[in-house]
């Protein structure tokens, strides 16, 4: 292979060169990542009935948020974890009480959960 050395050099007169001004019209974020396209959903406020149900299910399942989600399907696992952290800060006594005195998973808990969902539907 033969390379023509003359073709590698660009000859320009400095008088003929026109400089273009660059205008930065970027109004958006400077760094674009996969998190830029993430859907941000705001969580719903927990009412008193939901909080009571949360503590009942917490006493039965412990800190297994995946299992907790089976009993409270209208909340995501992440929402349950956030509720746990929030309640641990706000009401640590009630949280410790629920975790120290576990309740057996039985049909009665499932019935209470179903009654709760029926009340929510009203």
Mean Cβ neighbour count within 10 Å, used as a protection proxy, ranking 53-60, 72-79 highest first:
53-60, 72-79
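Given the -39500 (n - 2.57) contribution per DSSP H run of 4+ residues, what per-residue ellipticity at 222 nm results for the chain, rounded to the nearest 500 deg cm²/dmol?
Details: 5 runs with 59 residues, N = 122.
Calculated from helices alone, the mean residue ellipticity at 222 nm is -15000 deg cm²/dmol.
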Helix axis angle, 77-90 relative to the chain longest principal axis, alpha carbon, degrees
70 degrees
Could you tell me the calculated FRET efficiency between residue 81 and residue 1, based on Cβ-Cβ distance and R0 = 41 angstrom, to the nearest 0.05?
0.05
Percent of alpha-carbon pairs separated by more than 16 Å within the chain
73 percent
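Values quoted throughout were computed directly from the atomic coordinates according to the rules given, and no laboratory measurement underlies them. Note that the structure is a prediction, hence the values are computed from the model and not measured. FYI the Cβ positions are ideal-geometry reconstructions off the backbone, even for glycines, and counts take in every protein chain you see.
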